[in-house]
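S.K.: One structure, as structure tokens, below. Some questions next.
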Amino acid sequence: MRRVYDFHGGIHPAENKHQSVRSGIRSAGVPAQLILPLSQHIGAAARPVVTVGDYVLKGQVIAEAAGHVSATLHAPSSGRISGIEDRPIPHPSGLPAPCIVIDCDQQDLWTPHQGVADYRDCDASELLELISSAGIAGMGGAGFPTAVKLMGKPGRSVKTLIINGTECEPYITADDILMRERAADILEGVAILQHILQPEETLLGLEDNKPEAIAALREAAASASHVEIVTFPTKYPSGGEKQLIEILTGKQVPAGGLPGDIGIVCQNVGTAVAVRDAVIYGRPLISRITTVTGDAVATPQNFEVLLGTPMQHLLDLAGLQPERCERLVMGGPMMGFTVTNPQAPIVKTTNCILAPTTAELPPPPPAQPCIRCGLCAEACPASLLPQQLFWFAQGKEFEKLEQHNLFDCIECGACSWVCPSHIPLVQYYRASKADILQQRRDHAKSEQARERFEARQTRLAQEDEEREAKRAARKAAAEKRTQLATQEGGEDPIQAAIDRAKAKKAAQQAGTGTEPAAAASALDTLRQKLEKAEQRLAQSHASGEDAKIVAALEASAERLRGKLTEAESAASEAGAS
Amino acid sequence: MMAWVTDYPLLAALLALVGLGAPFGALLGFAAVRFRAEGNPIADEINAILPQTQCGQCGFPGCRPYAEAIAGGEAINKCPPGGEATIQALADLLDVEAPPLDAEHGEEKVKTVAYIREDECIGCTKCIQACPVDAILGAAKQMHTVIASECTGCDLCVEPCPVDCIDMLPLEESLQTWHWQLPAPRSNNLEIIATDSATAERAA
Amino acid sequence: MSLMRISSPHAHGTFSTGMVMRQVLLATVPGLFLLTLFFGFGTLVNVAWACIVGLACEALALSLRGRSLAFYLKDGSALVTCVLLGIALPPYSPWWLIAVGVASSILMAKQLYGGLGYNPFNPAMVGYVVLLISFPLQMSSWAPPRGLGDVPGLWEALQACFLPAQYDGLTMATPLDILRQNQGLLMEDLWAQSPQLGRWAGVGWEWVNLAFLAGGLWLLYRRIFTWHAPVAMLASLSLMAALFYDGGSSSSGGSPVFHLLSGATMFGAFFIITDPVSSAVSVRGRLVFGALIGVLVYLIRVWGNYPDAIAFAVLIANFAAPFIDHYTQPRVYGHKQPKSPE
């Protein structure tokens, strides 16, 4: 028996898992419409490669990854693209975001696809490429693209591969049912991950409240003994990546670091199955297991559902009683977020849709003052002092918040759960984190603005200087000329120019007598210009120049001709009068 | 010695003071030269707090000059873009009372970004010359555009535009910028307390 | 279907502030019972009158501050303060003494600082110390325990409280007083000449302390507070007593058992220093906080000038709490050491 470790804090909320595992995984079928948000995960949004009206087959790429931390999007079923537009998506803000909408034809026709014959013959980079192009993102929590996570930092070897089957959140059973029904698939996926990472050991960790899953995994692992199944006492949040690592290895991920820094990679069991499907069958990630549960649905159960299926579709299948449901949560009751529009689609990270009744999860009563009882500090899995953080968050003391390690908070909600004063602590931390990040961004921006301002100031100063220098140079030159002129005894050139101008003016003023002559000379110049332009035009015709240039030349010649006729007629009029 | 001191107390006191003053003065003088601060560090610190919009609403040509003016004793409440937060930070730095924002210089507004309606732009370059951070791109007789990420929302380009084609648009909330707000502070209103669930919002 | 938008977590535990306060009140019952058994109805009358005055003060302060009465009175914190102060005061105290004490606790130590959760000092102990300094005579006159004198009945207790001019009760030195006032005697002689000293630490007092210990253990079992502060206090008090006990003469401070079971030791350890608002927050902080109180209690009892020391020790430790917090931040996950305070 492997030694398991304990982590600080943690709570034991009511599990409520039994409701949704009474029956097995059920297919949710193909809905009338699929809605695929272009950014399903953290990182950059994908770039659509289809246009409205295109017909797509199941599994066809509809949006490409844009950037490093981004994942490809595939059509989960066949049909026609009916729009690329803003739709409600599952996000705590409730804001809409650009989505590709597919009107399904219910044929569910696959695009040709094929897996690799034997993954053992492929090298890691080939398989990573495959995983990346299958659009696989972490299916447990944040939805980080799996290929990026597996790639890790170059030159760093992986000591321990941890497969996370903990699923510590109440209500959710998506991983549980997956482990019960598809234990062999999981282990096959794990074998592929092992082939990629070449870890020294592989541990599959899960809590002891899933005896059926443990039995299924043990049985499957009996034939392929490359994975050690480790069970440990149930406690929330043991499924948090950092907590699971501590439970299984006794090590802590350094603050601000990644598990890779201590030679560990964590993957969810669902992700392992997705990797298997992608590598062995060439199937991209287009469906997942989602738990639909809560007292407001008649038959809580797990669905195998196409990504992009509206939540409403699943809720209808499970028999939602809308009048009993006041909030809809994506994820579990501890860390999930409320969805305000049931038309929002299932995405890669939707492990659960929770439709609780008000009696089941009552809205929090108004917050009472903090009495610093310290229950939150006892419950905090990161060993923070939530009551102090709360105090500082109220006062917006950002420096103190950072000094008390606000950014090590994993927002698991254990502190709020135990709080006897019903203070929404996590909301305080979320808001404060966002404020601090905003402040940092603002500061970076103002630094940039300052630099640009200063650069501009120097540039302007330099320009001024140059102008000044030029003026000085001109002045010096003028003085020199005057000097020269006076020295040679000739007349001053400037004075001469002034004299000339004066003479000209006098001549003009002298009367119209000189006018015909001037008009005649102007006519001459125009004729010369026209001649030149025509020559140039002929030249370019002959040498076969660009049509545009020819056209421009023709236009200018035309203009000159017009001017000439005008001038001629004016001259003749003048002559007549 | 003592006898001399008691005989001439005044002289002795004077001598003692001079004796103390001279070395300490020398020490201070040495320290002033040895540890002389380069530039004006307090103005730098103030400048780091100012929002660097370079809008000139304070009456100074940019943030740096205002920072220097504050270091020289100017009031700290003349920066509308920075608003209360900046005043508070300055008050903390200078260890003075934080006054409310001086309304004469404008009021705190939501952050904006300049936007040029490009088909109306005549390419006069007037806004380019007005922009304190070179955030407008364009050339004479060519359409201009604002580099939104560099724009500080200072408004200075709006006035010079002869065809009024520059709008100051408030920054829109997006998925990237959205975040949870602090829960509403407990209201003092007696009626609300019993029923209000401070954090619950209802979306239709 | 109109859906809420609300931040996680959506599930909540069953703990509430009101529940915590009710548990604390419940845990005082054994101690109160034994106090009444040994010293008569004086303490009960204290507690009842203190609660009436306390609720009135709380309601007054809340309405002056424009806060909801129902919402804030419901939390029961004012009742806890009043009950604790009522227990701490000598039985058969006059009504005005109790009223002044309660008003100081509720109005001055609690509401002036912003109400529950914002008071830097333990309100009950502030009230106690205000009285101790202002009315030393009344505050140091304890009734004789049952067996050493007549224990007044309920009527006399009420009379003592509300018609103090007409009440002429007996008083007797407490065991702590006896030990301080007698120097240079052998302990056996001291015990022989003072019947109040009982078996270990005073007639009645021993049992009252054990009853408060039982109440405290029950609160520990209910996880209302953690063991750190009480255990640290009792340990450091015992350690101090053991260090300075010379084994037999009354010039030294008395045995550890004497100190543990005399005066307000257990009451203080489980009901006073566990007030979370004014104590240190982290586990290590609470250990330091408790130990500091234990040391102070011993120092004040033995070399100080007051009959008991819990109140002063607690207030001094309250002063030190922010400082203790500053230096006892726990090591956060993934960090090597707690962030060094600047």
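The values are calculated or read from the model by the stated rules, or taken from the named source; none is laboratory data. Not measured: the values here are computed from a predicted model. Positions of Cβ are generated from backbone atoms using ideal geometry, with glycine treated the same way; all protein chains shown enter the neighbour counts.
S.K.: Report, by residue number, each residue of segment B:81-95 that is of a type outside the set (G, A, S), in a helix (DSSP H, G or I), surrounded by fewer than 21 Cβ atoms within 10 Å (Cβ to Cβ) and free of Cβ contacts under 8 Å to residues at least 24 places away in the same chain.
M.R.: Listed by number, the residues that qualify are B:Q88, B:D92.
S.K.: Return the residues of segment A:405-416 that are within 7 Å of another protein chain (Cβ to nearest Cβ) and within 15 Å of A:C370 (Cβ to Cβ); say none if nothing qualifies.
M.R.: Once the filter is applied, which keeps residues that are within 7 Å of another protein chain (Cβ to nearest Cβ) and within 15 Å of A:C370 (Cβ to Cβ), segment A:405-416 yields only A:S416.
S.K.: For segment C:37-46, check the following and say yes or no: at least one residue is part of a loop (DSSP other than H, G, I, E, B), crowded, with 18+ Cβ neighbours inside 10 Å, more than 11 Å from chain A (Cβ to nearest Cβ) and among the aliphatic types (A, V, I, L, M).
M.R.: Within segment C:37-46, none of the residues are part of a loop (DSSP other than H, G, I, E, B), crowded, with 18+ Cβ neighbours inside 10 Å, more than 11 Å from chain A (Cβ to nearest Cβ) and among the aliphatic types (A, V, I, L, M).
S.K.: Right, A:A455: among the aliphatic types (A, V, I, L, M), part of a helix (DSSP H, G or I), at pLDDT 85 or above and loosely packed, with under 11 Cβ neighbours inside 10 Å or not? Give the steps one after another, and end with the answer.
M.R.: Values: among the aliphatic types (A, V, I, L, M): yes; part of a helix (DSSP H, G or I): yes; at pLDDT 85 or above: yes; loosely packed, with under 11 Cβ neighbours inside 10 Å: no.
No.
S.K.: While we're looking at this one, here's another question. Within segment A:170-278, considering only strands (runs of 3 or more DSSP E) that don't extend past its boundaries, which have at least 3 residues that are over 28 Å from C:H10 (Cα atoms) and over 27 Å from the mean Cα position of the chain (by Cα)?
M.R.: In segment A:170-278, A:201-207, A:228-232 are the strands (runs of 3 or more DSSP E) which contain 3 or more residues that are over 28 Å from C:H10 (Cα atoms) and over 27 Å from the mean Cα position of the chain (by Cα).
S.K.: Would you mind telling me which numbered condition in (1) within 13 Å of the chain's Cα centre (by Cα); (2) outside any helix (DSSP H, G or I); (3) away from chain A (no Cβ under 14 Å) B:G73 fails?
M.R.: Single failed check for B:G73: (1).
S.K.: Moving on. Please go through segment B:129-147 and give me each residue that is out of contact with any helix residue (DSSP H, G or I) (no Cβ under 9 Å at 6 or more places or on another chain), among the small types (G, A, S) and more than 13 Å from chain A (Cβ to nearest Cβ), ordered by number. Break it down into steps so the answer makes sense when it comes.
M.R.: Quick first cut of segment B:129-147, residues out of contact with any helix residue (DSSP H, G or I) (no Cβ under 9 Å at 6 or more places or on another chain) only: B:129-130, B:140-142, B:147.
Filter once more, keeping what is among the small types (G, A, S): B:130, B:140.
Across segment B:129-147, the qualifying residue is only B:A140.
S.K.: For segment C:264-286, what are the residues that are part of a helix (DSSP H, G or I) and touching a helix residue (DSSP H, G or I) at 6+ places or on another chain (Cβ under 7 Å)?
M.R.: Scanning segment C:264-286 gives C:T265, C:M266, C:F267, C:G268, C:A269, C:F270, C:F271, C:I272, C:V283, C:G285, C:R286.
S.K.: Starting from residues that are facing chain C (nearest Cβ under 7 Å) and either of a type outside the set (V, I, T) or not in a helix (DSSP H, G or I) (or both), keep the ones in segment A:423-432 and report whichever is surrounded by the most Cβ atoms within 10 Å (Cβ to Cβ).
M.R.: The qualifying residue surrounded by the most Cβ atoms within 10 Å (Cβ to Cβ) is A:P424.
S.K.: Answer with yes or no whether C:W227 is farther than 18 Å from C:L292 by Cβ, within 18 Å of the chain's Cα centre (by Cα) and surrounded by fewer than 19 Cβ atoms within 10 Å (Cβ to Cβ). Can you show your working first?
M.R.: Details: farther than 18 Å from C:L292 by Cβ: no; within 18 Å of the chain's Cα centre (by Cα): yes; surrounded by fewer than 19 Cβ atoms within 10 Å (Cβ to Cβ): yes.
It is false that C:W227 is farther than 18 Å from C:L292 by Cβ, within 18 Å of the chain's Cα centre (by Cα) and surrounded by fewer than 19 Cβ atoms within 10 Å (Cβ to Cβ).
S.K.: So, in segment A:95-139, exactly how many residues are among the small types (G, A, S) and buried (at least 23 other Cβ atoms within 10 Å of the Cβ)? I'd like the intermediate steps shown before the answer.
M.R.: Here is the first cut: in segment A:95-139, the residues among the small types (G, A, S) are A:97, A:115, A:117, A:124-125, A:132-135, A:137-138.
If we keep only those that are buried (at least 23 other Cβ atoms within 10 Å of the Cβ) as well, we get A:134-135, A:137-138.
Looking only at that region, the number is 4.
S.K.: Please find, within segment B:31-78, the residue that is farthest from B:A103 (Cα to Cα) out of those that are surrounded by 12 or more Cβ atoms within 10 Å (Cβ to Cβ) and among the basic types (K, R).
M.R.: Top of the filtered list is B:R64.
S.K.: Please go through segment C:87-135 and pick out each residue that is away from chain A (no Cβ under 14 Å), part of a helix (DSSP H, G or I), in contact (Cβ under 8 Å) with a residue 40 or more places away in the chain and polar (S, T, N, Q).
M.R.: Listed by number, the list holds a single entry, C:S105.
S.K.: Further, regarding this structure: What residue, of A:L285, A:L317, is surrounded by 24 or more Cβ atoms within 10 Å (Cβ to Cβ) and either touching a Ser or Thr at 6+ places or on another chain (Cβ under 7 Å) or among the hydrophobic types (A, V, I, L, M, F, W, C) (or both)?
M.R.: On inspection, the qualifying residue turns out to be A:L285.
S.K.: Still on this model: Looking only at segment C:48-72, how many residues end up being more than 14 Å from chain B (Cβ to nearest Cβ) and modelled with pLDDT under 90?
M.R.: 0
S.K.: Tell me which helices (runs of 4 or more DSSP H) are completely within segment C:177-263 and hold 2 or more residues being within 23 Å of C:F39 (Cβ to Cβ), or say none if there are none.
M.R.: Numbers: elements: C:187-193, C:205-221, C:228-244, C:256-261.
Those helices (runs of 4 or more DSSP H) span C:187-193, C:205-221, C:256-261.
S.K.: Related question: Filter segment C:3-25 for residues that are out of contact with any Pro (no Cβ under 9 Å at 6 or more places or on another chain) and either at the interface with chain A (Cβ under 8 Å from one of its Cβ atoms) or in contact (Cβ under 8 Å) with a residue 60 or more places away in the chain (or both) and give the result.
M.R.: C:Q23, C:V24
S.K.: Go through (1) surrounded by fewer than 19 Cβ atoms within 10 Å (Cβ to Cβ); (2) within 7 Å of another protein chain (Cβ to nearest Cβ) and name the single condition A:A444 misses.
M.R.: So A:A444 meets the others, but not (2).
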